[in-house]
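What follows is one structure encoded as structure tokens, with my remarks underneath.
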Amino acid sequence: MHLFPEPDPGEPALGSPGRYLLWLAAAHRASAVLAVGYGVLCTLAQAFVPAAIGRGVDRGLIAADRGALVAWCAVVLGLGVTQAVAGTLRDRCSVTNRFGASYRTMQLVTRKAAQLGAELPRRVSAGTVVSVGATDITRIGAALESTARGGGAVVSVAVVAGVMLTVSWQLGLVALVGVPLSAAAIAALMRLLHARQHGLRKEQGALADLAVDIVDGLRVLRGIGGERVFADRYRERSQRVRHEGVRVAGVESSVAAGRLLLPGLLVTVIVWLGAHFVGTGRMSPGALVAFYGYAVFLAEQLRRATSMVDQLTRAFVAARMVTDLLAMEPGLGSGDRDLDAETARGPLRDPGSGLEIPPGRFVAVACARPDDMLLLADRLGRYVDSGSPATLGGVPLGEFPLAEVRRRILVVDHDARLFSGGLAAQLDPHGPAGGGTGGRVAGGTDSAADRLRRALDTASAHDVVEALPEGLDQEITGGREFSGGQRQRLNLVRALLTDPDTLVLVEPTSALDAHTEARVAERLGAHRHGRSTVVFTTSPILLDRADHVVLVEGGTVVAEGRHGELLADARYRAVVTREVTVA
């Protein structure tokens, strides 16, 4: 039997955070019901201990009956054993619920992130995604875990209140009135806490966004001396988070005080009244002992119930963030037209700009505006559908299945990243090191090792691998140990190993020195011989090696030809050589 069984893989109910939490509970129906059942059994066993002790005092100690005393001591021992066993089973099921809910939510969030793909950064900030994965998932799991203890507390409070009414209706009435009033007072604080936690959660997300931006742009910041400016911004934002945290802590302290003070006052009233009843002969000493135990028990169970409400409140805020993310749908549709070999061999064209990529050619595109590079690359790879859709073989890309477009057209831009793990697996996920089958082999005969060696040679990245203590077996941490130029070369290696029909590169050598860039430019065309390669760049070294060069100005193709020919065009020279034309 697995401790953490795989939950029902059905789709979640996303109507509201509450519905999502109920869906998670239903997905773990068996363990959730068992956890609450064991929780009720555990707390009821604890609840009956004061009654057994009271009977032992009256029928054993005061009546001087040894047999009765031993019998009631055995009852207390049995209740203790029952409580211990049920508590252990309750905690086991609770842990199953906690990690099962967290794991299932992580599955859904990861699946949604993969489904949205390149659309995700455009629609939600990196800080929000980080906060969902680091904080919200944990809070949702903790809420499901708390239902076992909290549910047992609610049931036991009702049972004990009924017992107290049977023994003494006055004291029972005090308990029945006092417990709901205490719960209502704490619930009012919980509503305020909920609102302030939501505000804190938004400020934490904004701070995480700023931190991600600073980390990503740290090299640039150091280059322009902007560390102090961004440090001041981070300090200001962190102080806002601190201020919100203090506001939340103020309400939390009030809740904690209420959990301790209100049950304590209730216990004091019950004990005082019980002592008065014993003094007037209306209650036995054993009953007073039992009532004191009931009062202490009720105070503890009230704290557990309010703790469950607190956890559910936090989970409600967290579930809102999760459901907002899960409710996002991809903006790009997927067609159902087969992409046959003949169509795939046709030209890739962007009607909006007039850019056309002939099949099997190495084309370089120089753009007067840097923004046009990313926009055109996204349109060629169908990451956006703005304007006139790009076509392949005369057919709009939107008519083909999106997965097939992604397989045949690969776009590598500045945001391309390496992941954590073995370097060989990061460069060739489909090869032996990545656990795959070896992927498509260039030329049909090369082994995976030969393809990797050739890609490293084309990207001039052998020195990067050789500098690592374990070479290709080196465990990397997302590429942070590499310089910008080294990451560019390794990303190029990965792109070459993917070997798509059309490879679109955006400034692939912008961080390389001139000698390394010249080697890459010289080898890239030969490596990609027979397949289409598009390089968006203004580097004369790459432009000179391309089969065909296109100049884009104002989002439109204005000139085409070889690099040497286009140098006669003043517009081209202004883009490529930064020549300033004086009127």
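Hey, does segment 352-375 have a residue that's modelled with pLDDT of 90 or more, touching a Cys at 6+ places or on another chain (Cβ under 7 Å) and under 29 Å from Ala114 (Cβ atoms)?
yes
For residues in segment 268-285 being of a type in the set (S, T, N, Q) and loosely packed, with under 12 Cβ neighbours inside 10 Å, which is nearest to Phe297 (Cα to Cα)? Step through it out loud before you land on a result.
Taking segment 268-285 first, the residues of a type in the set (S, T, N, Q) are 268, 280, 284.
This time we only want the ones that are loosely packed, with under 12 Cβ neighbours inside 10 Å, so: 268, 280.
Details: Thr268: 13, Thr280: 25 Å.
Only one residue fits best here, namely Thr268.
Within segment 24-50, restricting attention to residues that are modelled with pLDDT under 85 and open to solvent by 30 Å² or more (accessible area, probe 1.4 Å), which residue is nearest to Ala74 (Cα to Cα)?
Looking at the filtered set, the residue picked out is Arg29.
Would you confirm whether or not segment 381-388 contains a residue that is more than 21 Å from Gly525 (Cα to Cα), free of Cβ contacts under 8 Å to residues at least 40 places away in the same chain and basic (Lys, Arg)?
No, segment 381-388 contains no residue that is more than 21 Å from Gly525 (Cα to Cα), free of Cβ contacts under 8 Å to residues at least 40 places away in the same chain and basic (Lys, Arg).
Name the one entry in Gly87, Gly56, Gly67 that is surrounded by fewer than 17 Cβ atoms within 10 Å (Cβ to Cβ) and modelled with pLDDT of 85 or more.
Only one candidate qualifies: Gly67.
The conditions are (1) more than 39 Å from the chain's Cα centre (by Cα); (2) under 23 Å from Leu376 (Cα atoms), and Pro508 fails exactly one of them. Which is it?
The single condition Pro508 does not satisfy is (1).
Which of the numbered conditions does Gly250 fail, given that it passes all the others? Conditions: (1) closer than 24 Å to Ala185 by Cβ; (2) open to solvent by less than 40 Å² (accessible area, probe 1.4 Å); (3) touching a helix residue (DSSP H, G or I) at 6+ places or on another chain (Cβ under 7 Å); (4) not basic (Lys, Arg).
With (1) closer than 24 Å to Ala185 by Cβ; (2) open to solvent by less than 40 Å² (accessible area, probe 1.4 Å); (3) touching a helix residue (DSSP H, G or I) at 6+ places or on another chain (Cβ under 7 Å); (4) not basic (Lys, Arg) applied to Gly250, the lone miss is (3).
Just checking, which of Arg111, Arg123 is within 29 Å of Ala403 (Cα to Cα), open to solvent by 80 Å² or more (accessible area, probe 1.4 Å), at pLDDT 85 or above and not hydrophobic (A, V, I, L, M, F, W, C)?
None of the other options fit; the residue is Arg111.
Can you spot a residue in segment 405-416 that is modelled with pLDDT of 80 or more and more than 30 Å from Val465 (Cα to Cα)?
Yes, because at least one residue in segment 405-416 is modelled with pLDDT of 80 or more and more than 30 Å from Val465 (Cα to Cα).
Residues to consider are Gln486, Gln426; find the one that is within 26 Å of Ala118 (Cα to Cα), touching a Phe, Trp or Tyr at 6+ places or on another chain (Cβ under 7 Å) and either at pLDDT 85 or above or crowded, with 19+ Cβ neighbours inside 10 Å (or both).
Gln426
The values are calculated or read from the model by the stated rules, or taken from the named source; none is laboratory data. What you see is a predicted model; the values in this text were computed from it and never measured. Positions of Cβ are backbone-derived with ideal geometry, glycine not excepted, and every protein chain shown enters the neighbour counts. Surface accessibility is based on the protein's heavy atoms, side chains included, excluding ligands, DNA and RNA. Shrake-Rupley method; radii C 1.70, N 1.55, O 1.52, S 1.80 Å.
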